[in-house]
Amino acid sequence: MAELTFNSPIRRDKWPRWMIKLHEYLKRIYVRPIHEVGFYDYDRLKQIIIGKILSLRKDKLIMNSTSTFVYIVDGGDGMRVVVLRNNIIVITYYLE
């Protein structure tokens, strides 16, 4: 059984509005644990994050001039989805 968890170098009280909106959105989607986690689950999470970031750009919560990347990392401690903004890791999501 896996649940959505996260790690961020930014304190939660210092999060920008777009990060708060993204995190609230993901908490609503991932309300139940996932039984077996595979690459497909991380790819789905990545696509959801990309879609939400694009909608936040339309709502002017993220400036179009900033570079935002979302990618899947497979390391020794498992897989994770990383969100980079201006070449800085802003938040990392895990399914554990």
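The values are calculated or read from the model by the stated rules, or taken from the named source; none is laboratory data. This one's a predicted model, so the numbers in the text were calculated from it and none came from an experiment. Here the Cβ is made from the backbone with ideal geometry for all residues, glycine too, and neighbour counts use every protein chain on show. Areas reflect the complete protein model, heavy atoms only, side chains present, ligands, DNA and RNA absent. Shrake-Rupley method; radii C 1.70, N 1.55, O 1.52, S 1.80 Å.
Brief remarks on what is shown
- In region 1-15, residue surrounded by the fewest Cβ atoms within 10 Å (Cβ to Cβ) [restricted to those that are under 20 Å from K46 (Cα atoms) and more than 14 Å from the chain's Cα centre (by Cα)]: M1
- Look at (1) farther than 16 Å from T5 by Cα; (2) in a strand (DSSP E or B) and you find that R57 fails only one, number (2).
- Lone qualifier among V31, V37 - being open to solvent by 50 Å² or more (accessible area, probe 1.4 Å), part of a loop (DSSP other than H, G, I, E, B) and either in contact with a strand residue (DSSP E or B) (Cβ under 6 Å, 6 or more places away or on another chain) or of a type in the set (S, T, N, Q) (or both): V37
- Residues in region 16-28 that are open to solvent by 30 Å² or more (accessible area, probe 1.4 Å) and either touching a Gly at 6+ places or on another chain (Cβ under 9 Å) or hydrophobic (A, V, I, L, M, F, W, C) (or both): I20 alone.
- The lone criterion from (1) free of Cβ contacts under 8 Å to residues at least 40 places away in the same chain; (2) of a type outside the set (D, E, K, R); (3) under 15 Å from V90 (Cβ atoms); (4) outside any helix (DSSP H, G or I) left unmet by I50 is number (4).
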